[in-house]
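Worksheet for the structure shown next.
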Amino acid sequence: DGSVALIFNHSFSSSLNSFYSNIRGSSSLPRNALLHQIGTNLIYLNNGNSPYFFPDTASDRQVPNNPNGLYWIAGGIAESNKLYVLLNGLNNSPLSNICMSVATFSLPSMTMDGVITNLTSPGTDNFGDLVRGDDGYYYIYNGAKVARVPAKRLALDLAWRYWNGNAWVADHTQSAAITNFQGWSITRMAVSNYVAVYHPVLSLDIYAQFAPTPMGPWGGDVKIATAADQGAQGIFGCY
């Protein structure tokens, strides 16, 4: 309907004050947040006062075996009037990965379908950014490792496959790192044209690299921007 869904790992929930911080009640930075932008209006699901995805007392909504766990948003993709949100299920203390999970929303209402589905196929691997390929598969990245799932099957364990360097296999422990891949955010620009954006640790320079397939070969790295030096202030990057 022309509206926009915005999903955040962390998000300020109101206007910023003069010192680039925000306080809204007792929650200045909700851990994960969903917004529905209709025109110029930003509507927070759950009112933006607390994390949207949070384990509760229902066993089918908990991070497995850990009712005190938490979810972080890993990535999302919209297709056929559905928004699929990939979640990292985490132990709260000490902070560590437990599983990958999927929440499905109907569009444009932004209402969640049923409950969060916890996956077992990826184990505790931390998959995140995803892109829809030329072939109808979703490609999901865990650093330089990549999995794929047929479109609309993100929440189906049996559909997940992992690139071992030569073929797609069902065992996530056989995943192999893609040569030269450094991307943090991946986009399909056109047929056989993928771009990944990254910046080296402690660098203000932002780079793009390119490939004809989600598995590569990746290369052609080019600097596309340099962030302004903030002096003594910390840098918080969002992609």
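The values are calculated or read from the model by the stated rules, or taken from the named source; none is laboratory data. This one's a predicted model, so the numbers in the text were calculated from it and none came from an experiment. Ligands, DNA and RNA are excluded from the accessible area calculation, which covers all protein heavy atoms including side chains. Shrake-Rupley method; radii C 1.70, N 1.55, O 1.52, S 1.80 Å.
The solvent-accessible area of residue 188, taken with every protein chain present and a 1.4 Å probe, is close to 90 Å². Amide hydrogen proximity for residue 184: with H placed 1.01 Å from N in the peptide plane, the residues at 5 or more positions away or on another chain lying under 5 Å are 197, 198.
What the phi angles of the range 101-116 give under the Karplus curve with 6.51, -1.76 and 1.60, with θ = phi - 60°, is a coupling list of 9, 9, 10, 10, 10, 7, 10, x, 6, 6, 9, 7, 7, x, 10, 5 Hz, glycine and proline written as x.
Within the same chain, aspartates and glutamates fewer than 8 places from residue 145 are excluded, and of the rest, those with a Cα less than 15 Å from its Cα are 125, 129, 171.
What would the Debye formula give as log10 I(q)/I(0) at q = 0.11, 0.13, 0.18 Å⁻¹ for the alpha-carbon point model of the range 97-239, no solvent? Rounded to two decimals, the profile gives -0.48, -0.66, -1.09. Relative contact order for the range 131-206: 22 percent, from Cα pairs under 8 Å spaced at least 6 residues apart, divided by residue count. Per residue, the accessible area of the range 105-239 comes to 52 Å² when a 1.4 Å probe rolls over the protein heavy atoms. By the rule of a C-alpha distance below 15 Å, with chain neighbours fewer than 8 residues away ignored, the aspartates and glutamates paired with residue 152 are 79, 113, 134, 135.
List the residues whose amide H sits under 5 Å from the amide H of residue 76, counting only those 5 or more places along or on another chain, with H placed 1.01 Å from N in the peptide plane. Amide H neighbours of residue 76: 86, 130.
As a fraction of the 1.4 Å probe accessible area of the range 146-228, surface on carbon and sulfur atoms comes out at 58 percent.
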